[in-house]
Amino acid sequence: MFDFVHEKKRLVQIVLLLIILPFAFWGVDSYRKTSGSGDALATVNGERITQQDFDNALKQQQDRMRSLMGANYDPAMFNQPAVRYSILDNLVSQRLLQSNAQSAGLAVSDEQLAQVIAGIEAFQKDGKFDKQQYEAVLGRQNLSPLTFESRVREQLAMNQLAEAYNQNGYASNTVADNLIRLNEQQRVVSVAQISPDAFLKQASVSDAEIKNYYEKNQQEFRTPEQARVEYVTFSADALLPQVKVGDDEVRQYYQDHQAEFGTQEQRDAAHILISVAAQASAAEKQAAKAKAERILQQVRQYPAKFAELAKKFSEDPGSASSGGDLGFFGRGMMVKPFEDAVFSLKPGEISGLVQSDFGFHIIKLLAARPARFKPLAEVRSSIEQLLKQNKAGDKFAELADKFSDTVYEQSDSLKPAAELVKMPVQQSGWLSKGNAGSLPWTEKALQAVFSDDVLKEKRNSTAVEVAPNMLLAVRLLEHKTASTRPLAEVAAEIRQKLLNQQALELATKQGQAVLAQLQHGDKVTLNWKAAQTVTRAQRAGLEAALVNLVFRADMDKLPAYVGMESIRGGYVLARVEAVRQVGAIDDAKRARYVQQLRQLSGQELFTAYLADAREHAKINMAGFAAAEEKK
């Protein structure tokens, strides 16, 4: 019961990530299986996935990528069919897992749900769960507690299903030992490089070869359509310097939202639990109660020995070893009968028997902390910033339509729109069609730049949203159509490229000949680098393909030689001088390998389970394909 969070620290961290990266819930309001309206994009065993479900998941993915990529975020990435399909595919998998978790009878109790949510740092102040903080965080993500708690409950149930497979992977000590010997075997290697630079003087390229290459590789010399524009950006952030916040506004906000700037009353309690299930028989409950009453008598007789008695009798493994101490907590973190009893006690007082769904408790209040609030001076700057952002957002919303209308109605100039929002008209460098970059030049912005309105009609573009609360309008300055660079312009580039290719071919040919000599036992003078030790995982800067060759080489006769064309240019030779086998394998190392192998095999079990479940499910995604074709 009370040890749930202690035993499930990893699970709590997973849930915390789900708060920060909400797309991991795949965006489904799970408690409403037939949410949304309109035709289903997909069905899973008859359960519908609607456009609303998909839009929620898409938005959460977009929010996550925007958070991760910052100014480099381009919403156009979510226009790619493969990305959109993967989002729907995840929704299908989740619906299937939800259904199977329910069929398997997996459930999460209210107590477990409360303990997990209370353990999430995003919802805490001073290390303790805070209800106002909880509601504020959810509010910023447009989530109600009901929606969020339903999602967490379903996610935890699905985690139980996944863990049933992930925690049951198998790996024997023999397999682990073999893997250790393979993975940690060392080979002592020297390398020598045959550089193509030494063969450049032997290479020659004729004008006819240059022309032939040019004619066969026209696409290589195509320059994309380009444009240079003047533009105006208008965003909520840009309005911040124009926004003023008065002292009275700050003081009023502080008074109206005091709960945001303090901590609620908290209590530190210890308890002794005699557990009995809520669905137990009357006789079982009576027996548990009698046992608890006998312990209560001892507690009342020896109150100073409460911790000692808790260690001896309490059936809550999460707190018994610490004398029943549960630490500080606020209201809303414990089941109601337990909470009511705790907050009715004075420090040092001991309760009578308190019955909850988990059994009978004997509670001692160890300490109490009164509610505390930060002074205005301490939070003034954060309130000012919040109010500025709110005002800037309101002003942006007020002006956004006017900005768009002005750009459209006065389409022969950007100045009126720029003056309206008090933003400068700027000039871009050369922009290439289809070559999106950092803000504001996203794919959506480039679509506006290369639109017919801008290029052919010589009008302003429409105002386009290139990021949340950020609009952009452009007007053409110069335009270059796509073209092929003339041969005379690129002949020198082609000549050098062909010379380099010939030099590389000569170096490779020479390297292969040298390798054959070395493998035959001939002596060849090469500039071998100092020997170094490599393993399959630790390559000491060598190319992965070369290390693979080193470990595939025949070690019956040393030194052994291998070689290959290098991705760094030229031909690289490796001389294997010695092999160092793994010695005695200690138990700790073996245990680490076994654990990793079990995790991997457990993950494979779950992947296979999910694949099999999908194979036997009735999944129809035709609605999605039809909807995408209409876009």
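Where a number appears in this text, it was derived from the coordinates with a stated rule and is not lab data. These numbers come from a predicted model, not from an experiment. Here the Cβ is made from the backbone with ideal geometry for all residues, glycine too, and neighbour counts use every protein chain on show.
Checking the cross-link filter: which lysines have an alpha carbon closer than 19 Å to that of Lys216, excluding same-chain neighbours under 8 positions apart? Result set, ordered by chain and number: Lys497.
Applying the Karplus relation 6.51 cos²θ - 1.76 cosθ + 1.60 with θ = phi - 60° to the stretch 226-242 yields 3J(HN,Hα) values of 10, 8, 10, 10, 9, 8, 10, 10, 9, 9, 5, 4, 5, 7, 4, x, 7 Hz, where x marks Gly and Pro.
Report relative contact order for the stretch 265-370 in percent, whole number only (criteria: Cα-Cα under 8 Å, sequence separation at least 6). About 44 percent, as a whole number.
Normalised by the residues of the stretch 42-166, what does the relative contact order come to in percent, with Cα pairs under 8 Å and at least six apart?
Taking the mean separation of contacting Cα pairs over the length of the stretch 42-166, I get 21 percent.
Looking at the stretch 374-428, the trypsin sites (Lys or Arg not before Pro) that sit in a DSSP loop and have at most 16 other Cβ atoms within 10 Å of their own Cβ are Lys422.
Spin-label model, Glu121 to Ala584: label points 7 Å out along the Cα-to-beta-carbon direction sit 4.2 nm apart. Charge tally for Leu353 (other residues, Cβ to Cβ under 12 Å; Lys, Arg +1; Asp, Glu -1): +4.
Would you mind calculating the gained length between Ser344 and Ala136 on full extension (0.36 nm times residue separation, minus the Cα-Cα distance), in nm to one decimal? Let's see the in-between values first.
Numbers: separation 208, 0.36 × 208 = 74.88 nm, distance 2.82 nm.
Length gained between Ser344 and Ala136: 72.1 nm.
Subtracting the Cα-Cα distance of Lys201 and Glu265 from 0.36 nm times their residue separation leaves 14.7 nm of extension gain. Taking the Cα centre of the stretch 265-370 as origin and assigning +1 to Lys and Arg Cβ atoms and -1 to Asp and Glu Cβ atoms, the resulting dipole is close to 260 debye.
For the stretch 317-386 and the stretch 538-601, what is the centre-to-centre distance using only Cα atoms, to the nearest Å? So the two Cα centres are separated by 57 Å. Of the residues Val335, Val175, the one with the fewest other Cβ atoms within 10 Å heads the list, and the complete ranking is Val175, Val335. In order along the stretch 505-516, the Karplus-derived 3J(HN,Hα) couplings, from 6.51 cos²θ - 1.76 cosθ + 1.60 at θ = phi - 60°, round to 4, 5, 5, 5, 4, 5, x, 5, 5, 5, 4, 4 Hz, and Gly and Pro are given as x.
Only Lys, Arg, Asp and Glu carry charge here, each on its Cβ (+1 for the first two, -1 for the last two); on that basis the chain has a dipole of about 1360 debye about its Cα centre.
In a reduced charge model with +1 at each Lys and Arg Cβ and -1 at each Asp and Glu Cβ, the stretch 107-170 shows a dipole moment near 160 debye about its Cα centre. Amide H to amide H, with H built 1.01 Å from N, Phe129 comes under 5 Å of Gly330, counting only residues 5 or more places away or on other chains. For the chain, excluding the exposed loop sites themselves (GluC sites (Glu not before Pro), DSSP loop, at most 14 other Cβ atoms within 10 Å), the longest remaining stretch covers 1-264.
List the relative contact order of the chain as a percent without decimals, with contacts defined as Cα pairs under 8 Å and 6+ residues apart. Please list the in-between numbers first.
Numbers: 963 pairs, mean separation 156.3, N = 631.
After rounding, I find 25 percent.
Applying a DSSP loop filter and a limit of 16 other Cβ atoms within 10 Å to the trypsin sites (Lys or Arg not before Pro) in the stretch 530-580 leaves Arg536, Arg539, Lys557, Arg568.
Placing a label point 7 Å from the Cα of Glu604 along the Cα-to-Cβ direction, the residues of the stretch 173-191 whose backbone N falls under 13 Å of that point are 175-176. When Kirkwood radius over Cα pairs in Å is calculated for this entry, the matching label among (i) 32.2; (ii) 29.7; (iii) 25.6 is (i).
Could you compute how fast the stretch 265-370 diffuses translationally, taking Rh as the Kirkwood radius over C-alpha pairs and applying Stokes-Einstein at 4 °C with viscosity 1.567 mPa s? Give it in µm² per second.
D = 95 µm²/s.
Between Gln501 and Gln218, the modelled labels are 1.8 nm apart [label points 7 Å from Cα along Cα→Cβ]. Here the 3J(HN,Hα) profile of the stretch 244-252, calculated from phi with Karplus coefficients 6.51, -1.76 and 1.60 at θ = phi - 60°, is 10, 10, x, 4, 5, 5, 5, 5, 5 Hz, Gly and Pro shown as x.
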